Amino acid sequence: MPEMDLDIYRRDGYQLLPGLLAEEDIGRAVGFFDHLDGAAEVASSYEPEYDEADGVRRLRKLRRLLWNDPRVWGPMLNRAGVPELAREVVGDGAAVVFHAAFLKPALVGTDVALHQDQALWTYEYPKAFSVWCALTKVSPVNGGLFGSPGSHSGGLVPHRDRPAYRWHASLDAAEDGLREPVQFELAPGDGVVWDRYFAHGSAANTSSQDRRGMVVVFADSSAPGFRARDSFPLADLLALGKE
């Protein structure tokens, strides 16, 4: 498991973790999403979203992965050492509050405007951080993934709705006084962790290759007044084992 450097994480709001997922688990995850992407219908429990253009309809996003298929995803996250990262950043009260796939399909994959995750969540998630895992190569060629170093340091920045962007309210790095976003160049299996206030996004995928990733978000379920739509305690995740 790659080692977390909390000093870098706290300074920049993010940290790269090369080689987080093993090759076999990358294959399992890609195969799982290939199957759903090719299905005539995806169960509503995944809350699927689609990208569509020129008669092509492809999966854009899937949610609640761990709740739908705990025996698939629990052992995979445990093999990657993700619970240990959660304990290090959040503490023993860590619980999964989101687990989603971002599939950014070839040619039709839409952009994700710059945003802070906490701005889009219904509830306040104390100490929340995301573990984003690349399942394919990630670069500007296929839409990439980028973030603004230090953008977490001032807490929540007001987001605005933009007429040309339909998914959610967003930020503009220049207008909002944030540092110019940097591109993350990731190989399959590489990870990135970031703070709930770290501003990030991605471009449209106009290439012929899918850009796939998944994210698991932990928050401190022991915090006073904690509320969540979904909460998967760390102990329950660890109980799923590694096999």
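The values are calculated or read from the model by the stated rules, or taken from the named source; none is laboratory data. Please read all numbers here as calculations on a predicted model, not as lab measurements. Every residue, glycine among them, receives a Cβ derived from its backbone with ideal geometry; neighbour counts consider all protein chains shown. Just so you know, the surface numbers come from the protein's heavy atoms only, side chains and all, with ligands and any DNA or RNA stripped out. Shrake-Rupley method; radii C 1.70, N 1.55, O 1.52, S 1.80 Å.
Of note:
- Meets criteria (open to solvent by 40 Å² or more (accessible area, probe 1.4 Å) and in a helix (DSSP H, G or I)) for Glu52: no
- Test: residue in the stretch 203-214 that is part of a strand (DSSP E or B), in contact with a helix residue (DSSP H, G or I) (Cβ under 7 Å, 6 or more places away or on another chain), open to solvent by less than 20 Å² (accessible area, probe 1.4 Å) and at pLDDT 95 or above: yes
- Meets criteria (over 28 Å from Val30 (Cβ atoms) and in contact (Cβ under 8 Å) with a residue 12 or more places away in the chain) for Ser148: yes
- Residue within the stretch 155-176 that is in a strand (DSSP E or B) and of a type in the set (Val, Ile, Thr) present: no
- Among all positions in the stretch 167-175, there is at least one residue which is in contact with a Pro (Cβ under 7 Å, 6 or more places away or on another chain), farther than 18 Å from Leu65 by Cβ and either open to solvent by 40 Å² or more (accessible area, probe 1.4 Å) or modelled with pLDDT of 95 or more (or both).
- Subset of the stretch 181-190 [touching a Pro at 6+ places or on another chain (Cβ under 7 Å) and part of a strand (DSSP E or B)]: Val182, Gln183
- Test: residue in the stretch 129-139 that is more than 17 Å from the chain's Cα centre (by Cα) and assigned to a loop (DSSP other than H, G, I, E, B): no
- Candidate set: the stretch 32-45, residues that are in a helix (DSSP H, G or I) and out of contact with any helix residue (DSSP H, G or I) (no Cβ under 6 Å at 6 or more places or on another chain); chosen: the one least open to solvent (accessible area, probe 1.4 Å): Phe33
- Every residue from the stretch 77-100 that is touching a helix residue (DSSP H, G or I) at 6+ places or on another chain (Cβ under 6 Å) and under 30 Å from Thr206 (Cα atoms): His99
- A residue that is within 16 Å of Val72 (Cα to Cα), surrounded by 12 or more Cβ atoms within 10 Å (Cβ to Cβ) and of a type in the set (D, E, K, R) can be found somewhere in the stretch 21-31.
- Contact map, the stretch 45-74: first residue within 20 Å of Gln209 (Cβ to Cβ), second residue modelled with pLDDT of 95 or more and assigned to a helix (DSSP H, G or I), Cβ cut-off under 6 Å, separation 6 or more or different chains; pairs are Leu59/Asp37; Leu62/Tyr46.
- Residue, nearest to Leu114 (Cα to Cα), within the stretch 187-202, restricted to residues that are open to solvent by less than 10 Å² (accessible area, probe 1.4 Å) and among the hydrophobic types (A, V, I, L, M, F, W, C): Ala199
- Test: residue in the stretch 108-118 that is over 14 Å from the mean Cα position of the chain (by Cα), more than 27 Å from Ser44 (Cβ to Cβ) and not hydroxyl-bearing (Ser, Thr, Tyr): no
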